[in-house]
Amino acid sequence: MIYPLAGIVLGIIVGAVRAKMRGGKVLDMIQWAAVYAMIFGIIGLFIVIGIDRSYQG
């Protein structure tokens with residue numbers, strides 16, 4: 001499924017924007033983009049697991 005990948009991309013965007021809004025430099029933006037990408041990617045993985053389990057009954 002595409003949910004973990006979409007979560008990673010969304011996390012990169014959200015993390016970078018939030019760091020920039022708080023006055024962060026480039027390395028801050030990269031760090032927060034990575035953190036949010038991991039968090040959103042894991043959430044996407046749990047969504048895929050939940051969908052898969054619901055179809056297997």
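The values are calculated or read from the model by the stated rules, or taken from the named source; none is laboratory data. Here the structure is a predicted model, which is why all the values come from computation and not from measurement. Here the Cβ is made from the backbone with ideal geometry for all residues, glycine too, and neighbour counts use every protein chain on show. For accessibility, only protein heavy atoms count, side chains too; no ligands or nucleic acids. Shrake-Rupley method; radii C 1.70, N 1.55, O 1.52, S 1.80 Å.
Figures for the structure shown
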item: Carbon/sulfur fraction of accessible area - the chain, other protein chains in place, 1.4 Å, %; result: 72
item: Convex hull (Cα only) mean projected area of the chain, reported in nm² to one decimal; result: 3.5
item: For ARG18, solvent-accessible area (1.4 Å; no DNA, RNA or ligand), Å²; result: 100
item: Sum of side-chain charges, TRP32 neighbourhood, beta-carbon under 12 Å (Lys, Arg +1; Asp, Glu -1); result: +3
item: Per residue, in Å², the accessible surface of the chain once ligands and nucleic acids are set aside, probe 1.4 Å; result: 78
item: Nearest-10 value in Å² for the accessible area of ILE2, using the 1.4 Å probe; result: 110
